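This report refers to the structure that appears directly beneath it.
The values are calculated or read from the model by the stated rules, or taken from the named source; none is laboratory data. It should be emphasised that the depicted structure is a prediction, and the values quoted were computed from it without experimental measurement. Side chains included, ligands, DNA and RNA excluded: accessible areas come from the protein's heavy atoms. Shrake-Rupley method; radii C 1.70, N 1.55, O 1.52, S 1.80 Å.
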Amino acid sequence: MKIAFVGKGGSGKTTLSSLFIRHLAANEAPVVAVDADINQHLGAALGLDETEAAALPAMGAHLPLIKDYLRGTNPRIASAETMIKTTPPGTGSRLLRVCEDNPVYEACARTVRLDDGDIRLMATGPFTESDLGVSCYHSKVGAVELCLNHLVDGPEEYVVVDMTAGSDSFASGMFTRFDMTFLVAEPTRKGVSVYRQYKEYARDFGIALKVIGNKVQGQDDVDFLREELGDDLLVTVGHSDWVRGMEKGRPARFELLEAENRMSLQTLQNAAEDSYAHRDWERYTRQMVHFHLKNAESWGNAKTGADLAAQVDPTFVLGEHSAVPQPS
């Protein structure tokens, strides 16, 4: 399942996404974790020190390799240079699987050893001095979107993406790439307003959205969130001494996380697994094509000098049984 964590800055989405990743690893689920936030903190939340986190390869820096690999033998794509972040797969394209080795993972992913298992971690990379004034953040996450477009995951396999903060998550079609989106909201008017904004954006695209109420201090906070969010409120999370230790760089073993918080994480996993029954690969592919055509018309054709609408394979539907061409 592909899972996104979203929310306003400071809501705790990176912390909660890291706890969810640790929980999945403890349950022996294969996990590819992606830090797609401009503030690259997921590695640190998963226990990497500053040097290790800084050494994570930036996906954007490997975009030519990613494009060349995913293009495969797709005859509709004249060259890797004509691929943009929304280019959909078609007959002949190479696809990514969670449990495999491939050149994209070799270049862009690093193994992170957690208390209860290993996960793969990928990162968009931070803004650099050379980006200031000439790049927008969406150019950084283009590599993530392209990989998600070509990624096939099965039941009990997880791709967990820590998204950029606020409504920027909806600035491209990437928000439609997930089976479940967990929105982290604090029990405040601002937290509720962010939820309503996301809900409005997601409605027309059939996005499965559930809310994690974070930084809850008592029953009054729970009642406030329940009144404002209704059934979209899935779980609430309060103070955690374990998390406080993690934020100081001195985490205890994950098995010592408070029992109520472990139960909340299991509720998240149950909701994610339940979403599998509603997976619609035809809609997924249709939405992918929709955003590709929009991007092609608005800027892609002009940038590449090609008719990017011709990259769409009308007979291709991405799915778990999509064929993967063998390297020549």
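So here's what we get for this one:
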quantity	calculated
Per-selection Rg to Rh, the range 232-328 - Cα, Kirkwood hydrodynamic radius	1.21
Surface/4 of the Cα convex hull for the chain, nm²	16.4
Distance from the range 174-223 to the range 77-104 (C-alpha centre basis), Å	32
Straight-distance crosslink candidates among lysines, where the alpha carbon sits under 23 Å from Lys85 and sequence neighbours closer than 8 are dropped	Lys2, Lys67, Lys140, Lys294, Lys303
Average accessible surface area per residue within the range 1-152, 1.4 Å rolling probe, Å²	38
For the range 1-153: rounded, prolate or oblate by the Cα gyration tensor [a/c cutoff 1.5]	oblate
Candidate aspartates and glutamates for bridging to Lys248, where Cα separation is under 14 Å - those fewer than 8 sequence places away on the same chain excluded	Asp49, Glu50
Computed [θ] at 222 nm, deg cm²/dmol, the chain (DSSP H ≥ 4; -39,500 (n - 2.57); rounded to nearest 500)	-10500 deg cm²/dmol
Rel. contact order, % - alpha carbon contacts under 8 angstrom, at least six apart, the range 1-93	17
Per residue solvent-accessible surface (Å²) - the range 249-328, probe of 1.4 Å	62
For Leu233, distant residues with modelled amide H under 5 Å away	Val211
Carbon + sulfur, % of accessible area of the chain - ligands and nucleic acids excluded, 1.4 Å	49
